[in-house]
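The values are calculated or read from the model by the stated rules, or taken from the named source; none is laboratory data. Note that this is a predicted model, so its numbers are computed, not measured. Glycine gets a Cβ as well: all are built from the backbone with ideal geometry, and neighbour counts include every protein chain shown. To get the accessible areas, we keep the full protein, side chains included, count just its heavy atoms, and leave off ligands, DNA and RNA. Shrake-Rupley method; radii C 1.70, N 1.55, O 1.52, S 1.80 Å.
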Amino acid sequence: MQLTLWTYEGPPHIGAMRIATAMRGLHYVLHAPQGDTYADLLFTMIERRDRRPPVTYTTFQARDLGGDTAELFKTAVHEAFERFQPQAMIVGASCTAELIQDDPGGLADALALPVPVVPLELPAYQRKENWGAAETLYQLVRRMAGPSVPTPGTKRERDPARPARCNILGPTALGFRHRDDLREVRELLQRLGVEVHVVAPLDATPGELARLGEADFNVVLYPEVALLSAQWLQRSFGQPMVKTVPIGVGATREFIREVAALAGVDPQAGLDDPRSRSTWYARSVDSTYLTGKRVFVFGDATHAVSAARVVSQEFGFQVVGIGTYSREFAREVRDAAKLYGVEPLITDDYLEVEAKVAELQPELVLGTQMERHIAKRLGIPCALISAPMHVQDFPARHAPQMGFEGANVLFDTWVHPLMMGLEEHLLTMFRGDFEFHDGAAASHLGHGAAKPLAEPVPAPAAEPTGEAVVASTQAAAAPEPIVVTGWAPEAQKELQKIPFFVRGKARRNTERFAAERGVSLITVETLYDAKAHFGR
């Protein structure tokens, strides 16, 4: 654990809360100090749920540490059971309460409640949120489905007269587009004639978890949460799993074929989907100018790997960087990085991510809420692909990431920021027009609209830009170090006239040109000399 301003994942008990909040008939008793109740806001404010999470906090205070905190916990468990009458309960400690070592599991067992009570051992100082969600789901699945495990060697058979049925594993509360993804995947399975037996943990009850073993196979939508449980079900019940995550047209088609093979059905019914428009849009005349755009991708492993595949194979972009904060799935991201010939970034430190983005200067960033802030500071277009996210990423409309409709959403969401760059270029071309010059207000706001802010004053030449620092660092490795101290104000102004979507490349080329020729201060003449050099 480290002290940080931003964090990609919360402590593991937040992951446990995501499972408890997603399910019905389950209650979580959390041994925690008064301040840890902030977690409720993640679900009521950010996800905009209409009810509080099913969590009871012991909320001990400093003065309670001199007394019997164990008795305080037992009282909280008993009162929670009496009030909510859940089908099952989970108990555990927050990162702070973990230090006083009250053993919530043992204390709950001593109460001999008439419902299953699952103790959670979540090491808050070694693990994080997604691991906590995966471990919680795994412990619940083992506890509830364990009594139904067949004896070793029992052959699994399916009645050929019955349609194939599967479980969908992974969707949780506070998940990035989990609700919408689930709807899309249900429709894909329905087209193939496959019945959905149980969805877990979202909207499942503990009793439904006990029936997971009755399905023919499992669909794992979010490996960070559900892979551990799916592997146990495969070992215990002989249930195979669908590992392909249907993000993008190509992956969706692979998903359909994989499901059809396990279900013994013809995949064509699922492949013929008239809603699939992103493939044609990506090939259309309006989109061809996007080919080769440089993209940096960062998020949880599943979404990062999937996004890199989509932008590379389906949109024609160039992946210049890929990374994840999910250390448990770093291998998958490293394998993906090899496909694109880039160095993977495995870190949970947003400052390292910011430094990498500043170094690469991509034309589009696909990331989390953190990368949204980073890209905004650096003036780079950005789209969100993964948790952590904020309230605007829980839209009221249907906006999936998975399936053919999800691929349409990806095209619109990821291409739109680049289209805005073209719009800015057109405005720049007509800046001399009476309606579009720098002193004019936006025409669509009417004549009474406030005038826009004046063009930003260029940084003084003595303060080098971030790109100039990078260029000077690279030049320092040469036998004769050359330092580019910055851009003259006139050159900065001229640089702003270059189209938004190629401005970064022009800046990098000019700084490289200047460094190679020993030019410390870039002037307008240097800019045009570089343009002529690279235009040969």
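If you filter segment 145-220 for GluC sites (Glu not before Pro), then keep DSSP loop positions with at most 15 other Cβ within 10 Å, what is left?
Details: sites: E157, E184, E187, E195, E208, E214; in loops: E157.
Hits after loop and neighbour filter: E157.
Averaged per residue, what accessible area in Å² does segment 278-418 show with a 1.4 Å probe, protein chains only?
Working: 5500 Å² over 141 residues.
I get 39 Å² per residue for this part.
Would you give the gap between the C-alpha center of segment 215-266 and the C-alpha center of segment 328-396, rounded to a whole Å?
27
For segment 161-271, what is Rg from Cα atoms divided by 2.2 N^0.38 Å, rounded to two decimals?
Working: Rg = 12.9 Å, N = 111, 2.2 N^0.38 = 13.2 Å.
Compactness ratio reported: 0.98.
Would you mind computing Rg(Cα) / (2.2 N^0.38 Å) for segment 278-418, counting N as its residues? Intermediate values should be presented prior to the final figure.
Details: Rg = 14.0 Å, N = 141, 2.2 N^0.38 = 14.4 Å.
Here the Cα radius of gyration is 0.97 times the empirical estimate.
Hey, any idea what % of segment 161-271's accessible area is carbon plus sulfur with a 1.4 Å probe? Don't skip to the end; give the middle numbers.
Details: 1680 of 3560 Å².
For segment 161-271, the apolar C and S fraction of the accessible surface comes to 47 percent.
Taking H placed 1.01 Å from N in the peptide plane, check which residues at least 5 places from C382 or on another chain put their amide H under 5 Å from its amide H.
V365
Given H placed on each backbone N at 1.01 Å, which residues far from I90 in sequence or on other chains put an amide H within less than 5 Å of it?
Close amide H contacts, sequence-distant or interchain: H27, Y28, V29, V118.
With a probe of 1.4 Å, find how much accessible area segment 12-133 has per residue, and write the answer as a whole number in Å². If you can, show how the numbers build up before the last one.
Values: 5520 Å² over 122 residues.
That works out to 45 Å² for each residue.
Can you send over the carbon and sulfur percentage of the accessible area for segment 278-418, probe radius 1.4 Å, protein chains only?
Details: 2840 of 5500 Å².
Using a 1.4 Å probe with all protein chains present, segment 278-418 comes out at 52 percent carbon and sulfur.
Using only alpha carbon pairs under 8 Å that are at least six residues apart, calculate the relative contact order of segment 161-271 and give it in whole percent. Let's see the in-between values first.
Values: 161 pairs, mean separation 33.0, N = 111.
Averaging sequence separation for qualifying contacts and normalising by length gives 30 percent for segment 161-271.
Give me the Kirkwood hydrodynamic radius of segment 207-269, using the inverse of the mean 1/r over all pairs of distinct Cα atoms, in Å to one decimal.
Details: mean 1/r = 0.0803 Å⁻¹.
Taking every pair of different Cα atoms in segment 207-269, averaging 1/r and inverting gives 12.5 Å.
Probe radius 1.4 Å, ligands and nucleic acids ignored: give me the carbon and sulfur share of the accessible area of segment 12-133 as a rounded percent. Kindly include the intermediate steps, with their values, before the conclusion.
Details: 2740 of 5520 Å².
Of all accessible area on segment 12-133, carbon and sulfur atoms account for 50 percent.
Would you pull out the residues with amide H under 5 Å of V219's amide H, same chain only if 5 or more places away, H placed 1.01 Å from N?
N167, I168, L169, V242
At q = 0.16 Å⁻¹, what log₁₀ I(q)/I(0) does a Debye calculation on the Cα points of segment 86-205 give, no solvent, two decimals?
For the requested q values the scattering log ratios are -0.99.
Using only alpha carbon pairs under 8 Å that are at least six residues apart, calculate the relative contact order of segment 278-418 and give it in whole percent.
On the way: 225 pairs, mean separation 31.4, N = 141.
Computed over segment 278-418, the figure is 22 percent.
Let me check against my output: what whole-number percent is the relative contact order of segment 12-133, with C-alpha pairs under 8 Å and at least 6 apart? Walk me through the intermediate numbers first.
Working: 195 pairs, mean separation 47.5, N = 122.
The normalised contact order for segment 12-133 reaches 39 percent.
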